[in-house]
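Working notes, structure below.
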Amino acid sequence: MKNIEAIRRVLPMILATAIFMQMLDSTILNTSLPAIAKDLHQSPLNMQNAIIGYVLTLAVFMPVSGFLSDKFGTKKVFILALVLFSAGSLFCSLSGNLTQLVISRIIQGVGGSLMTPVGKLALVKSFPKKDLLKAMNFAIIPALIGPVLGPLVGDTW
């Protein structure tokens, strides 16, 4: 019983952090595209491939998140999602050209497509119905700061 209580305390914070990272990442690139394009010696219009690759990957892999969670376990899939998203972020920062950036964004998109739905599924499985709304609000409301900070941080590049 102590283990479930510990999970119920920590899980909303982990999910809030994961959603915050994803939301920040989704908005930060849009404002920093001109600077990144300059560093990669590309036209800012060509940089749209990095955004399109990420969004398409989200659209393709998000529907299979529940299936993967049922097949391999919610915890394993969520941890894999965090690892893929973080690795994709690292690869984005190390990208030396547009192709590397697009591939990195696709890796990041796979992780991001699994992170939020599987994290929410973990909340649904971990909390009784009477506490679920409170847990969801705790996890999601702080994550809404990401879209506000993204353009501010992206503009400083």
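The values are calculated or read from the model by the stated rules, or taken from the named source; none is laboratory data. A quick note: this is a predicted structure, and the numbers were derived from the prediction, not measured. FYI the Cβ positions are ideal-geometry reconstructions off the backbone, even for glycines, and counts take in every protein chain you see. Note: areas computed on protein heavy atoms with side chains; ligands, DNA, RNA excluded. Shrake-Rupley method; radii C 1.70, N 1.55, O 1.52, S 1.80 Å.
Yes/no matrix, rows are residues, columns are (1) assigned to a helix (DSSP H, G or I); (2) modelled with pLDDT under 90; (3) over 23 Å from PRO34 (Cα atoms); (4) touching a Gly at 6+ places or on another chain (Cβ under 6 Å):
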{"residue": "VAL77", "(1), (2), (3), (4)": "yes, no, yes, no"}
{"residue": "LEU84", "(1), (2), (3), (4)": "yes, no, yes, yes"}
{"residue": "CYS92", "(1), (2), (3), (4)": "yes, no, no, no"}
{"residue": "ARG105", "(1), (2), (3), (4)": "yes, no, no, yes"}
{"residue": "SER113", "(1), (2), (3), (4)": "yes, no, yes, no"}
{"residue": "ALA122", "(1), (2), (3), (4)": "yes, yes, yes, no"}
{"residue": "GLY150", "(1), (2), (3), (4)": "yes, yes, no, no"}
{"residue": "TRP157", "(1), (2), (3), (4)": "no, yes, no, no"}
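If you go through the range 96-111 and keep only what is open to solvent by 30 Å² or more (accessible area, probe 1.4 Å), free of Cβ contacts under 8 Å to residues at least 40 places away in the same chain and of a type in the set (S, T, N, Q), you end up with THR99, GLN100. All of (1) closer than 20 Å to LEU80 by Cβ; (2) aliphatic (A, V, I, L, M); (3) in contact (Cβ under 8 Å) with a residue 24 or more places away in the chain hold for VAL10 with one exception: (3). The set of residues from the range 77-95 being over 16 Å from the mean Cα position of the chain (by Cα) and either surrounded by 12 or more Cβ atoms within 10 Å (Cβ to Cβ) or more than 18 Å from TYR54 (Cα to Cα) (or both) comprises just one member, SER95. In the set (1) assigned to a helix (DSSP H, G or I); (2) modelled with pLDDT of 90 or more; (3) not charged (D, E, K, R), GLY96 fails one condition alone, (1).
Condition first: touching a Leu at 6+ places or on another chain (Cβ under 8 Å) and part of a helix (DSSP H, G or I). Can you find one or more residues in the range 37-46 that meet it? No. Taking the listed residues SER65, SER43, the one that is farther than 14 Å from ARG105 by Cα, touching a Ser or Thr at 6+ places or on another chain (Cβ under 7 Å) and either modelled with pLDDT under 85 or not aliphatic (A, V, I, L, M) (or both) is SER65, with no other qualifying. Considering ASP39, ASP70, which residue is over 22 Å from LEU11 (Cβ atoms), more than 15 Å from the chain's Cα centre (by Cα) and surrounded by fewer than 19 Cβ atoms within 10 Å (Cβ to Cβ)? Just a single option satisfies the conditions, and that option is ASP39. Among the criteria (1) modelled with pLDDT under 95; (2) open to solvent by less than 20 Å² (accessible area, probe 1.4 Å), the one ALA59 does not fulfil is (2). Of all the criteria given as (1) surrounded by 13 or more Cβ atoms within 10 Å (Cβ to Cβ); (2) more than 16 Å from the chain's Cα centre (by Cα), the one not satisfied by GLU5 is (1). Picking from residues in the range 120-135 that are of a type in the set (D, E, K, R) and farther than 20 Å from PHE20 by Cβ, the one that is farthest from the chain's Cα centre (by Cα) is LYS130.
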